[in-house]
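Remarks on the structure that follows.
Values quoted throughout were computed directly from the atomic coordinates according to the rules given, and no laboratory measurement underlies them. Everything quoted here is computed from the prediction, not taken from an experiment. A quick note on method: Cβ atoms are made from the backbone with ideal geometry, for glycine too, and the neighbour counts reach across all protein chains shown.
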Amino acid sequence: MTHAEKVSAIAGQLKNAIKTGLAINITKKSVSHLVPDSTAKKTPGQDVYIGELTEIIEVDKNNKTCVAESGVTFSDLVNETLKYGLVPYVVPELKGITIGGAISGCSIETMSYRYGGFHDNCLEYEIITADGGIINCSPENVPDVFNMIHGSYGTLGILTKIKFKLYSAKPFVKMTYAKFSNFEDYWNFLCERFEKEDYELIDGIIHNKNQFTACLGNFIEQAPYVSSYEQSIPYYISTLEKDEDYLATGEYFFRYDADCHWLLRPFPLLETKFVRKLFGKYFLGSTNMIRWSARLKKLISLKKRPDVIVDVFIPSKKFPEFYKWYENDFDFYPLWIVPYRMPQIYPWVAKEQAAKTDENFYIDCAIYGKKNNRPEVDYSELLENKVFDLGGVKTLISRNHYCEEKFWRIYNKNNYDAIKQKTDPQNIFGTVYNKLCRKKI
C-alpha cells in the first residue's frame with residue numbers, strides 16, 4: 001500500500017466516524033508510551049486505525065534529511081539512517097517510541113542541550129484533520145498549526161508524514177564519566193560543559209545524595225572495545241563502576257531501554273547477568289515492560305497509588321533550588337537529568353507560566369519509580385505543585401492532578417483553541433485536558 005493510499009484510508013475512516021458524532025480512539029500497532037494506568041478505561045467512541053504508517057520513505061544523504069511515516073519507531077529509524085552515517089538530531093531512549101509520538105508528546109535526549117527536542121528539528125508535517133482533510137505545514141506554511149502540534153497528544157490531528165533533519169554521526173560513542181560527591185561541584189561542572197559545548201552528548205545521573213555522575217559523550221570512528229547493556233548489567237550501574245566506556249552508536253541511543261532506566265530495580269534478580277541472559281527476551285525492554293503492565297493490570301490496581309513515573313522540566317536557573325527541595329522532601333534516586341534548550345518558548349506554554357522565568361534552557365528531571373504509598377502525602381501531586389511554582393512544565397505522560405482552571409494557566413488555551421477550530425471544531429479528538437488529566441486516585 002502506498003503512503004497516499006494509507007492516508008486516504010485513514011481519511012475515509014474519519015469521514016465516516018465524524019458522522020456518528022462519537023469521539024475518536026486512535027489505534028496503532030505500537031504500544032502507547034504514556035505511563036500505564038491500571039485505573040484507566042477506554043473512552044467510548046469510534047476506533048480509527050493508523051497502524052500501517054510504518055514506512056521510512058526517503059533518506060536524503062546529501063541534504064541530510066529524512067521523510068518517514070509517523071508510526072516509524074526510533075529503533076527502526078536509527079538502524080536505517082546509520083547506514084548513511086546519519087542519525088536524527090534527537091533520539092528518545094526507548095526503542096518503541098514512534099516519531100509521531102515524539103512530536104505529539106515529548107522527546108528529549110543527550111543532544112537536546114544544543115538542539116532541543118526531536119520536533120525542533122522537523123521541517124514539515126502532513127496532518128489529517130478531523131473531517132478527513134489534509135494539511136501540509138512547516139515553519140513557513142501554516143506555521144500556527146505546525147508549531148502547536150508538538151505537545152498536543154493527538155488532539156489536534158493525526159500526524160501521518162514527517163520530514164526532519166539528520167545529523168552526521170560516527171559508528172561509536174566514547175563515554176566519559178565525571179564523578180562528584182556534592183551537588184554544587186557537580187552543577188558548576190555541568191554548567192561549564194553547557195557553555196563550552198565540548199561534548200556532543202550530555203546527561204547526568206544522581207545516584208544518591210553523595211554520588212553524582214556527568215555522562216559525557218562524543219561520536220568516534222573506532223573503539224578499542226564495545227560494551228552492550230541489552231542483557232548484561234543495567235547501564236546506569238555501569239556509570240558508577242567505570243570512568244569511561246565505548247558503545248556502538250545504535251546501542252548508545254537505547255542504553256536505557258532494557259530496564260526503562262531503573263524500573264526493574266525492585267526485582268533484583270532481573271539486574272543480574274545470569275537471569276538477564278536466560279530470561280531477558282521475555283522481560284527486558286520498554287515494550288516488554290509496558291505489555292507486562294497490561295497483563296498485570298488487576299494486580300497493579302491493588303496499590304493505593306501508582307509509583308511516580310514522570311519527566312518535569314525545570315528552568316536551569318532554578319534547578320539548584322529545585323534540587324535542594326528534591327533532596328530534602330522527595331528523596332528518590334537515581335534521578336536522571338537531561339539539559340534541554342528550547343529554541344524559543346513554545347506557543348502552547350501560557351504567558352503566565354512563561355513569565356515565571358526569563359530563559360529557555362531547562363533541566364529535564366526524570367523521576368522513575370518513586371513509591372507513593374504514604375497516606376499523608378501524594379508525591380505525584382507534591383511534585384506537580386512544586387514544578388508549577390518554579391515556572392517549570394510537567395509532562396502529561398502519567399498522573400495529572402490539575403483542575404481545569406490551573407491547567408490552562410500552564411497551557412495556552414487561546415492558542416490551542418485557535419488551532420482546534422481549524423483542525424477539529426467538533427472536538428472528536430478530545431482536548432488535552434480531558435484526555436490526560438485523569439481523575440485523582
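Pair-distance distribution P(r) for region 3-168, from all Cα-Cα distances in 5 Å bins starting at 0: 2, 9, 18, 22, 21, 15, 8, 4, 2, 0 percent. Its DSSP H runs of at least 4 residues, each contributing -39,500 (n - 2.57), put the calculated 222 nm mean residue ellipticity of the chain at -8500 deg cm²/dmol, to the nearest 500. For region 56-154, the spread of Cα positions along the three principal axes, ordered from largest to smallest, is 38, 25, 24 Å. Shown for the chain are the DSSP H helices of 24 Å or more along their axis, judged by Cα atoms, with a mean Kyte-Doolittle hydropathy of at least -1.0: 3-20. Values of log10 I(q)/I(0) for the chain across q = 0.12, 0.13 Å⁻¹ run -1.07, -1.29, by the Debye formula with one identical scatterer at each alpha carbon and no solvent. In the chain, the sites counted are GluC sites (Glu not before Pro) in DSSP loop states with at most 10 other Cβ atoms within 10 Å, and the longest stretch holding none of them, exclusive of the sites, is 222-375. Please go through region 342-407 and write out the trypsin sites (Lys or Arg not before Pro) that DSSP classes as loop and that have at most 13 other C-beta atoms within 10 Å. Here the trypsin sites (Lys or Arg not before Pro) that fit, given the DSSP loop and packing criteria, are 356, 371. Dividing the Cα radius of gyration of region 172-300 by 2.2 N^0.38 Å, with N the residue count, gives 1.17. For the chain, the share of DSSP beta bridges that are antiparallel, to the nearest 5, is 95%.
About the Cα centre of region 298-392, what is the dipole size in debye to 20, counting +1 per Lys and Arg Cβ and -1 per Asp and Glu Cβ, all else neutral?
300 debye
Here is the link list: 209/371; 174/281; 317/351; 351/394; 83/165; 174/196. Which ones come out longer than 22 Å on Cα distance? Over 22 Å Cα-Cα: 174/281. Length gained on full extension, residue 220 to residue 351: 42.9 nm, using 0.36 nm per residue less the C-alpha separation. For the chain, a Gaussian network of Cα nodes joined below 10 Å ranks 207, 261, 119 by mean-square fluctuation, and the top entry is 207. Rounded to the nearest Hz, the phi-derived 3J(HN,Hα) couplings of region 245-260 under the Karplus curve 6.51 cos²θ - 1.76 cosθ + 1.60 (θ = phi - 60°) are 7, 10, 9, 4, 4, x, 6, 4, 4, 10, 4, 8, 5, 4, 10, 6, where x marks glycine and proline. Overall, the chain carries a charge dipole of about 1660 debye about its Cα centre when +1 sits on the Cβ of Lys and Arg and -1 on the Cβ of Asp and Glu, all other atoms neutral. Estimated at 0.36 nm per residue, the fully extended path between residue 80 and residue 385 surpasses their Cα-Cα distance by 105.6 nm. Think of the chain as a dipole: +1 on every Lys or Arg Cβ, -1 on every Asp or Glu Cβ, centred on the Cα centre; then among 313, 90, 421, 421 lies furthest on the positive end. Centroid-to-centroid, using Cα positions, region 139-171 and region 51-93 are 14 Å apart.
In a reduced charge model with +1 at each Lys and Arg Cβ and -1 at each Asp and Glu Cβ, region 3-168 shows a dipole moment near 240 debye about its Cα centre.
For residue 203, the residues whose amide H sits under 5 Å from its own are 215, ignoring neighbours fewer than 5 places away on the same chain, with H placed 1.01 Å from N.
Taking other residues whose beta carbon is less than 13 angstrom from the beta carbon of residue 224, and scoring Lys, Arg as +1 and Asp, Glu as -1, yields -2. Each residue of region 108-117 was assigned a 3J(HN,Hα) from its phi angle through the Karplus expression (A = 6.51, B = -1.76, C = 1.60, θ = phi - 60°), giving 9, 6, 6, 9, 6, 5, 9, 10, x, x Hz with x at Gly and Pro.
3J(HN,Hα) couplings calculated from phi for region 391-396 with the Karplus curve 6.51 cos²θ - 1.76 cosθ + 1.60 (θ = phi - 60°) are, in sequence order, x, x, 10, 9, 5, 9 Hz; Gly and Pro show x.
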